[in-house]
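S.K.: For reference, the structure I am asking about is given below.
The values are calculated or read from the model by the stated rules, or taken from the named source; none is laboratory data. Just so it is clear, the structure is predicted and the values come from calculations on it, not from any experiment. Cβ coordinates were reconstructed from backbone atoms using ideal geometry, including for glycine residues, and neighbour counts include every protein chain displayed. What goes into the accessible areas is simple: the full protein's heavy atoms, side chains included, and nothing from ligands, DNA or RNA. Shrake-Rupley method; radii C 1.70, N 1.55, O 1.52, S 1.80 Å.
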Amino acid sequence: MKNVIIINEPQEEDTLKKVCQVLSEAEKTRNYLEFYSFLKTTNVPFISCYEKKIKKAYQECFMALHRIGEVSIPVSVALSMHYYVLASFASYPFSKTSTAYWKREVLLKRIKKEGLLIANTGSVRTYKDASGRAKIIAQKENNSYIINGKASFMSLAGVADYLVFTAALPEEGKAVFFIPSNNDNIIFGDSSFDHTMQGSFTRSVKFENLKVSSSNVIQLDRAEQERSEILIYQRSWFQALIPAPYLGGAYRVISQLKEFSSKKIKNGKRLADSERFSNDIGDLWITYKAAFQLCEQVGVFIEDFRVGNQSSLKKLFEASVIAKYYSMHYAEEIVNKTRRIMGTSFLTPDSITNKIYKEIVFGALQPMTDTDIRDYFGKQ
């Protein structure tokens, strides 16, 4: 069993500050494995295991990812995969008489007790998965399942202790699988983005005749497999949390601009003292605040979700998608406008602004993509 630091307050500022300090050192040395090992000794990744108020859990998860994103977008993106799986799993209102509820409670206790990180291959890309393609297949065999298939992307690959993925069950709908990652039948590919997203450990993953006990499986609604509530609920958590790393990066860029403006002298006057600069940075701050508040409001819809209530589910899903769509574009806008103000200083090699400039574009590319989102609303 791993030793987990017990914190008096779940989101104690000193602990999160220490996490960011350790990550800053890892950014210099590129020793991200050491950072993840330290992270698992704190309660920062396990907010959803102890915070039972759903809206508060969402807000704390978002702020943790935001703060980490200020230091490293790739690491925060990777952790957002762990956060949304754990948070949606922990907060989904399973009936206490269901097998799924008790399986969930056992798993949550183990995650919290042993400090386990979770990697995820992703779930359905849209509200209604119309592709019909099943990349991962599960065949029932006695009291187990045999898994075969491949997923193109998995963050925290080779780092996380457990893997979560959704697989198709022939003639039985879909199921969520939760398994230890140290298995020879799980094969990770090469890094998906080379050095651009270093620290996220994003790779392809392949399952070859992987045997999974039924005790590690939660079966989803067979009757409406394309509209299974838990998958949409999970996807909504993802869409709501994934902006946090990128808004953290945008916030860091604004901070760097303030620092730059206090030193930049033009016509014998500091840039920070000019009225034009005040307007420019005010515009950037309004854009950031608009994106942040869009994301913050999703917590209300998560809290209002009720099982079997399609209206509450749709409101949650659409609020999360809209927050994701605008936040990603606003984050890019902030970075690009700052680049124009700072000029070549912004693109200095090895600078945090240049690093964020290369990473910020990945936000809009993550599911749901802009094309998926426009297509969804275009059909409403």
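S.K.: With n ≥ 4 as the cut-off for DSSP H runs, can you work out [θ] at 222 nm for the chain, using -39500 (n - 2.57) per run divided by the number of residues, rounded to the nearest 500?
M.R.: Numbers: 13 runs with 200 residues, N = 380.
For the chain, the value works out to -17500 deg cm²/dmol.
S.K.: Take the chain, drop everything but the C-alpha atoms, weight them equally and run the Debye formula without solvent; then report log10 I(q)/I(0) at 0.08, 0.14 Å⁻¹ to two decimals.
M.R.: After summing over all Cα pairs, the log10 values are -0.41, -1.24.
S.K.: Per-residue HN-Hα couplings for the range 150-167, Karplus 6.51 cos²θ - 1.76 cosθ + 1.60 at θ = phi - 60°, whole Hz, x for Gly and Pro?
M.R.: Rounded to whole hertz, the list is 9, 10, 6, 9, 8, 7, 6, 4, x, 10, 5, 7, 10, 10, 10, 7, 9, 10.
S.K.: Follow-up question, since we're still on this one. Could you pull out the pairs from Lys17/Lys109; Lys56/Lys314; Lys314/Lys358; Lys56/Lys211 whose alpha carbons sit more than 28 Å apart here?
M.R.: Values: Lys17/Lys109 26 Å; Lys56/Lys314 21 Å; Lys314/Lys358 34 Å; Lys56/Lys211 37 Å.
Exceeds cut-off: Lys314/Lys358; Lys56/Lys211.
S.K.: Run the dipole for the chain about the Cα centre, Lys and Arg Cβ at +1, Asp and Glu Cβ at -1, nothing else charged, and hand back the magnitude in debye, nearest 20. Let's see the in-between values first.
M.R.: Details: 51 positive and 41 negative charges, 48 e Å.
Charge dipole of the chain: 240 debye, to the nearest 20.
S.K.: Could I ask something else about it? So, for the range 210-357, what is the accessible surface per residue at a probe of 1.4 Å, expressed in square angstrom? Kindly include the intermediate steps, with their values, before the conclusion.
M.R.: On the way: 6950 Å² over 148 residues.
Per-residue value: 47 Å².
S.K.: Could I ask something else about it? Relative to the longest principal axis of the C-alpha atoms of the chain, give the angle of the C-alpha long axis of helix 54-71, reported between 0 and 90° and rounded to the nearest 10°.
M.R.: 50
S.K.: Compute the separation of the alpha-carbon centres of the range 18-44 and the range 291-329 and state it in Å as a whole number.
M.R.: Comparing the Cα centres of the range 18-44 and the range 291-329, I get a distance of 31 Å.
S.K.: For each pair in Lys289/Lys324; Lys52/Lys112; Lys135/Lys379, compute the distance between the two Cα atoms and list the pairs where it is over 18 Å. Show your work: numbers first, answer last.
M.R.: Values: Lys289/Lys324 14 Å; Lys52/Lys112 14 Å; Lys135/Lys379 26 Å.
Where the Cα-Cα span goes over 18 Å, the pairs concerned are Lys135/Lys379.
S.K.: So for the range 227-299, taking the charge dipole from beta-carbon charges (+1 Lys/Arg, -1 Asp/Glu), which of Trp285, Ser262, Leu231 sits furthest toward the positive end?
M.R.: Value: Ser262.
S.K.: May I pose another question? Counting other Cβ atoms within 10 Å, which trypsin sites (Lys or Arg not before Pro) in the range 292-380 have at most 14 and lie in a DSSP loop? Show your work: numbers first, answer last.
M.R.: Values: sites: Arg306, Lys314, Lys315, Lys324, Lys337, Arg339, Arg340, Lys355, Lys358, Arg374, Lys379; in loops: Arg306, Lys379.
Within the range 292-380, the qualifying trypsin sites (Lys or Arg not before Pro) (loop, at most 14 other Cβ atoms within 10 Å) are Arg306, Lys379.
S.K.: Here's another thing I want to ask about it. Determine the percent antiparallel among the DSSP beta bridges restricted to the chain, to the nearest 5.
M.R.: Values: 31 of 35 bridges.
Taking every DSSP beta bridge within the chain, about 90 percent pair in antiparallel fashion.
S.K.: Moving to a separate point now. Can you pull the percent of the chain's accessible area that's carbon plus sulfur, 1.4 Å probe, other chains left in place?
M.R.: Numbers: 8670 of 17830 Å².
Carbon and sulfur together cover 49 percent of it.
S.K.: Let me ask something else about it. With everything on Cα atoms, drop me the angle between helix 229-241 and the longest principal axis of the chain, reported from 0 to 90° to the nearest 10.
M.R.: 20
S.K.: State, to one decimal in nm², a quarter of the convex hull surface area for the C-alpha atoms of the range 283-380, i.e. the direction-averaged projected area.
M.R.: Details: hull surface 30.4 nm².
Mean shadow area of the hull around the Cα atoms is 7.6 nm².
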